[in-house]
Structure formats: structure tokens, C-alpha cells
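Asks: To start, I am sharing the structure in question, which I have written as C-alpha cells.
The values are calculated or read from the model by the stated rules, or taken from the named source; none is laboratory data. Predicted, not measured: the structure shown is a model, and the values here were computed from it. Backbone-built Cβ (ideal geometry, glycine too); neighbour counts: all protein chains shown. Surface areas here come from the heavy atoms of the whole protein model, side chains and all, with no ligands, DNA or RNA. Shrake-Rupley method; radii C 1.70, N 1.55, O 1.52, S 1.80 Å.
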Amino acid sequence: MAVVAPAHGAASEEEALILDVVRQIVADKVAPRAAEIDASGEFPWDVQKVFAENGLLGVPFPAEYGGVGGSFLTYVKVVEEVAKACAASSLIVAVQELGTLPIMIAGNHEQKQRYLPKLASGEYTAAYALTEAGSGSDAAGSMRCRAERKGDKWILNGTKIWITQGSIADVIAVFAVSDPSKGPGGISAFIVEKNFPGFKVGKVEKKMGIRGSPTVELIFDECEVPAENLLGEEGTGFKTAMKVLDKSRPGIAAQALGIAQGALDFATRYAQERIAFGKPIGQQQGIGFMLADMKVEVESARLLLYEAARKCDENAADVTLWAALCKLKAGDVAMKVTTDAVQILGGFGYSTEYPVERMMRDAKITQIYEGTQQIQRLVISRALVGKWKPPSTNGAG
Ligand code: CAA
């Protein structure tokens with residue numbers, strides 16, 4: 001297997017090379033393990049290692065800091081390819097990006113030098129800690145995790161939940177309230193290392209799907225963070241968190257698209273082979289039309305995703321809108337297509353002997369994390385009509 005050579009930009013030749021490597025790895029190392037990863041619920045370190053060895057964890061990271069210097073478009077295609085076979089494994093790529101983006105977006109040169117090369121190579125794993133028990137969709141308004149400056153340290157207190165890869169991460173981007181009087185403008189972002197005093201991993205969730213990807217509670221108990229690990233200016237943390245989601249939601253859309261494509265491929269093959277009433281069920285109009293509808297949905301999601309990824313590459317002004325559009329569409333497509341794939345396989349689809357029930361369970365989370373489908377609609381509608389401000393604060397009444 002070829003090692004992905006660092007390169008600036010993402011010429012199509014480089015993208016083709018990267019995707020060839022990914023397809024080979026998926027066929028040899030990921031697809032044969034997917035059912036077992038789901039059944040055991042253990043993080044597949046062997047898969048992480050092979051991704052790292054082949055440069056796949058640093059595709060969109062800048063080459064000057066050890067990344068591949070590839071495009072976001074290439075990155076989402078990598079996630080998509082892996083998710084066709086194993087959604088949990090695709091998160092290894094997507095969460096490395098999610099957890100690293102705060103440093104890429106808000107980090108200073110020294111922070112980038114210190115962390116990005118190790119994250120790009122996969123020596124370090126990353127996580128992103130925004131969500132709390134009372135603060136999911138209302139990420140800014142309900143945040144309780146506190147950060148207080150004491151001398152040359154920030155002291156973090158509070159608990160984060162639903163943190164993907166939190167238990168295996170070396171480096172975690174953590175968002176906490178540094179000034180409660182300032183609303184979203186009082187939230188700051190920090191780089192926390194797993195060895196910092198006062199950091200510990202709490203409860204590990206048992207989940208419907210993506211079982212090979214650990215989802216955990218993180219506890220900060222007088223956690224000591226060196227002052228130089230503040231990301232960006234104090235009070236800019238919420239904006240950093242949102243800018244990160246603009247570039248990471250397409251990664252989840254890619255995961256959703258990959259799951260849907262994997263389910264469509266499997267159901268199509270099954271429909272060509274399974275005989276009922278004297279002919280393959282794909283030739284029965286009821287099933288053939290289902291497959292046609294699934295294909296339309298998958299291709300629609302793909303077009304939205306690739307356009308959103310191009311917007312990320314261009315740092316387009318409407319990237320927030322496009323990230324929401326592609327995540328909303330792809331998540332819903334993944335749920336519908338995997339449910340229909342189970343239906344096409346009938347009883348076999350409901351059995352763990354076949355992969356489509358796993359794909360259906362894995363699809364559900366793509367409608368929930370990195371902003372629920374309802375939050376995506378909120379973001380989209382605000383892009384159309386703006387955010388309502390009560391008359392007393394907008395000077396209109
Ligand atoms: N880029 C830059 N700035 C942004 C921004 C963006 N995309 N979105 C908002 N902001 C700014 C606003 O301009 C505003 O700044 P000003 O005060 O200077 O005007 C500030 O941030 C506050 O924004 P809003 O007024 O829009 O905040 P809000 O509280 O009304 O709502 C929200 C924001 C869209 C609902 C947001 O809270 C949100 O996206 N919620 C969902 C959170 C989420 O997606 N969580 C996922 C966790 S990660 C995860 O799931 C990972 C995993 O497991 C794999």
C-alpha cells in the first residue's frame with residue numbers, strides 16, 4: 001500500500017491516489033472487521049494504525065504542519081469511502097478532523113507547531129468537547145463548564161458528555177465559560193491534554209450504533225490548563241466552536257452518505273440475486289422502484305455534500321448554510337435508505353448475519369450529532385430570514 005505523499009492543494013491526480021489507497025485499505029482491513037467492531041464495541045486500534053501509517057488522518061491539514069495539504073473535498077470522499085463499509089471506522093478520520101479544527105482555525109503558530117504534526121500523523125488522537133448534560137442544541141446559552149484564570153493557568157471545572165473518542169484522545173478541544181456575564185462572548189476554548197491534572201474520563205455510553213467508537217463523559221475537576229493553551233482570544237471560543245462545525249458537519253454528511261451508499265449497494269446486489277415469484281426481486285416493480293428512489297436520494301445527498309466541501313475549500317461566505325444543507329440531507333437519506341435496505345432484505349435484513357441492520361443503527365446518529373436535524377433547519381432558516389431579536393434589543397420598538 002502506498003503512503004500518501006504530502007502535497008499542497010488537491011489536484012485530482014492526488015485525490016485519485018488517496019482514494020485508491022483508501023479503497024484498498026477498506027477492502028483489506030476495514031470491511032472484513034466491520035461486523036466484529038460493531039459486535040465487540042471496542043475501538044479498532046488496528047484500523048486507526050493503518051489509517052495513520054497511510055497518512056489518512058491528516059488529509060485536510062496544512063502541509064507546513066505535517067498534513068497532506070489535501071482539500072476538504074478529498075477529505076469528505078475519504079470519510080465516505082470508509083463509511084460505506086464501517087461507520088465507526090469512518091469516525092476515526094472525521095473526529096481527528098473535528099478535534100483538530102479548533103487548533104487549525106484558532107491556534108497560534110506555536111500551538112500549531114506543537115500539536116498539528118502529531119495529530120496529522122495519528123500519533124495523537126483528538127476529540128472535541130462542547131456538549132454538556134444541559135447544553136446540547138443550546139450550546140452557548142446553557143453551558144456550565146467554567147474556566148477561571150489563576151496565575152499562569154486556567155482552572156477548568158465541569159462535565160462534558162457525549163464526547164466521541166474522548167476516552168482515547170490525547171488532545172481535546174474544550175469549550176468553557178470564562179465570563180458568565182457575556183453570553184456566547186464569554187466562552188473560551190482550550191487545548192487540554194489527557195495528562196493534565198484534574199482531567200478524567202467518566203461514564204462510557206452504551207449505544208444503538210457506531211459501537212466501535214467510544215462516546216464518553218469527560219470530567220474536569222480543578223483541571224489545570226497552562227495559559228498558553230487558551231485557543232484564540234479569551235471570549236472567542238463559541239465562534240471557534242461554530243466555525244469548526246461549519247467544516248466538520250460535511251464530514252458527518254460524508255459518513256451518512258457512505259452508510260447510505262453501502263446499504264444501497266448491498267440491497268441492489270441482493271435484489272439481483274433473490275428470486276421471488278419466478279424472477280429476481282429487483283425486477284419486481286415494487287422493489288425496483290424502491291431502489292430507484294434510494295439511488296435518487298443518495299446522488300442528491302452526494303451533490304450537496306461535494307458542493308459544501310468546495311465551499312469549505314474556498315472559505316465561502318455561506319459555508320454555514322451549506323454545511324447545514326448537506327448534513328440535513330445526508331442524515332435523512334442515510335436513515336431512509338438503510339431502512340429501505342432492511343425492508344428489501346426482509347427477514348434477512350433484520351438479522352445480524354447481514355450488514356444492513358448495522359447500517360440502519362449507525363445511520364440514526366447522523367441525524368443527531370454535530371447538530372440535530374432540527375438545528376440544521378434552524379441554521380438554514382436563519383440564513384434565509386435572519387435571527388429574530390426582540391424589539392427592545394434591535395431598537396425597533
Ligand atoms: N461562524 C461564526 N460565528 C458564528 C457562527 C458561525 N457558524 N454561528 C454563530 N456565530 C456567532 C454569531 O454571529 C453570534 O455572534 P455575535 O454575538 O457577535 O453576533 C454568536 O456566535 C452567537 O450565535 P447565535 O446568536 O446564532 O447563537 P444561538 O445560541 O442563537 O444559536 C446555534 C446557535 C446555531 C443554535 C448553535 O448553538 C448550534 O449550532 N447548536 C448545536 C450544537 C452542536 O451542533 N453540537 C454538536 C456537538 S459536536 C458533536 O456532536 C461531535 C460528535 O460527537 C462527533
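Asks: How much accessible surface area, in Å² rounded to 10, belongs to the heavy atoms of Glu148 with a 1.4 Å probe?
Replies: Accessible area, nearest 10 Å²: 90 Å².
Asks: Oh, and also: Give me the percent of the accessible area of region 11-125 that comes from carbon and sulfur atoms, probe 1.4 Å, all protein chains in place.
Replies: That share works out to 50 percent.
Asks: For an R0 of 41 angstrom, estimate the FRET efficiency from the Cβ-Cβ distance between Glu233 and Lys203 and round to the nearest 0.05.
Replies: Calculated transfer efficiency: 0.80.
Asks: Relative to the present Cα-Cα distance, how much length would full extension add between Glu273 and Glu123 at 0.36 nm per residue of separation?
Replies: 49.5 nm
Asks: Still on this structure: Heavy atoms only, 1.4 Å probe, whole protein assembly: order Lys150, Lys247 by accessible area, highest first.
Replies: Lys150, Lys247
Asks: Next up: Tell me the accessible surface of Glu314 in square angstrom (1.4 angstrom probe, heavy atoms of protein chains only), to the nearest ten.
Replies: We get 130 Å² for Glu314.
Asks: Separate question: Could you sort 88-94, 204-210, 31-37 so that the peptide with the highest average Cβ count within 10 Å comes first and the rest follow in order?
Replies: 88-94, 31-37, 204-210
Asks: Could you pull the accessible area for Ser40 with a 1.4 Å probe, rounded to 10 Å²?
Replies: So the heavy atoms of Ser40 present about 60 Å² to solvent.
Asks: Moving on to the next point. Can you give the extra length, in nm with one decimal, that the chain gains between Lys150 and Phe348 once fully stretched, where that is 0.36 nm per residue apart less the Cα-Cα distance?
Replies: Answer, rounded to one decimal: 65.3 nm.
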